[in-house]
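Trainee: Got a structure for you, questions after.
The values are calculated or read from the model by the stated rules, or taken from the named source; none is laboratory data. Keep in mind it's a predicted model, so treat the numbers as computed, not measured. Don't worry about glycine lacking a Cβ; one is built from the backbone with ideal geometry, like all the others, and counts go over all protein chains shown.
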Amino acid sequence: MATAEPKQTFNVTINWPATLLALMLLPALLWLGFWQLDRAEQKRELNALYSQRAASAPIPIAQLGPPEQSRYQPLSITGTYLPQWTLLLDNRVYRGRFGYEVITAFERSDKAQWLWVNRGWIKGDAARLTLPAIPPPPSGQQQLIAELYIPQGAMLQLGQDNNRQWPRVIQALDIKPLQQELQQAMFPYSVRLAADSAGLLERNWLVVNIEPSKHTGYAVQWFSLAAMAVIILLLANTNIWALYKQRKVQP
């Protein structure tokens, strides 16, 4: 009569290479997961703020409080376009087409300062051999409705802005150097034209470039990898898999 195999008991044997690898990866994976959840919450707050501000009436720019507290605030601005000072914000892909965002200087009627008005998107030459023909804005005094745009963070620049030609191709809008170059007081942020405003081209702006749901999906992926690291840690350092197989074969 065959004797039954002795039952195994749970035991731990440290596999140092696997343990050290898992312990190095686990904090990083958890940090990335929580970071994505935080990004998702930030994007939800931005969407909510945009919806709230978009529903509010425009206010004269002279009545604007601290700009940093007024992101997306609709503004009423009276003045004159200065088309000789036009910037082309590079690498603006819209509906699969290469192009630029056209940003033109605008002098307030009270002469207090200039603003940089983002007029929207224009198709460009993907080969970069020529610059686009920029439709001129209307001349004379205009009353614009535009939203205050404050970037969420520093923009990624693919190159340095070394040219001094006008219209000028730029990688990111930096107003301080322009203010020094042109010796002119300027509003510290750009504005984006509302629908039907004078000089508008094609509105291509998104409130957020990645929706909160995608960030949440990325977080799930990072947490799943963290869970896998824990499972590998258990399998490498214990006989839990052998116990599981023993339990399955026992009658």
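Trainee: Considering 40, 22, 18, which residue is crowded, with 17+ Cβ neighbours inside 10 Å, modelled with pLDDT under 95, farther than 28 Å from residue 210 by Cβ and in the same structural domain as residue 238 (by TED's automatic domain parsing)?
Mentor: Criteria check complete, one pass: 22.
Trainee: Still on this model: Restricting to the range 91-113, name every residue that is within 24 Å of residue 182 (Cα to Cα), at pLDDT below 95 and of a type outside the set (Lys, Arg).
Mentor: 109, 110, 112, 113
Trainee: Applying the selection to the range 7-42, what residues are of a type in the set (D, E, K, R), in contact (Cβ under 8 Å) with a residue 24 or more places away in the chain and in a helix (DSSP H, G or I)?
Mentor: Once the filter is applied, which keeps residues that are of a type in the set (D, E, K, R), in contact (Cβ under 8 Å) with a residue 24 or more places away in the chain and in a helix (DSSP H, G or I), the range 7-42 yields 39, 41.
Trainee: Which count do you get for residues in the range 43-80 that are polar (S, T, N, Q) and without any contact (Cβ under 8 Å) to a residue 60 or more places away in the chain?
Mentor: 5
Trainee: Now, a different point. On the given criteria, is residue 53 modelled with pLDDT under 90 and touching a Phe, Trp or Tyr at 6+ places or on another chain (Cβ under 9 Å)?
Mentor: yes
Trainee: Still on this structure, I have one more. Hey, can you tell me all the residues within the range 72-106 that are assigned to a strand (DSSP E or B) and of a type in the set (A, V, I, L, M)?
Mentor: Across the range 72-106, the qualifying residues are 75, 77, 82, 87, 88, 89, 102, 103, 105.
Trainee: Mind telling me which of the residues 58, 66 ends up being modelled with pLDDT of 85 or more and surrounded by 13 or more Cβ atoms within 10 Å (Cβ to Cβ)?
Mentor: 58
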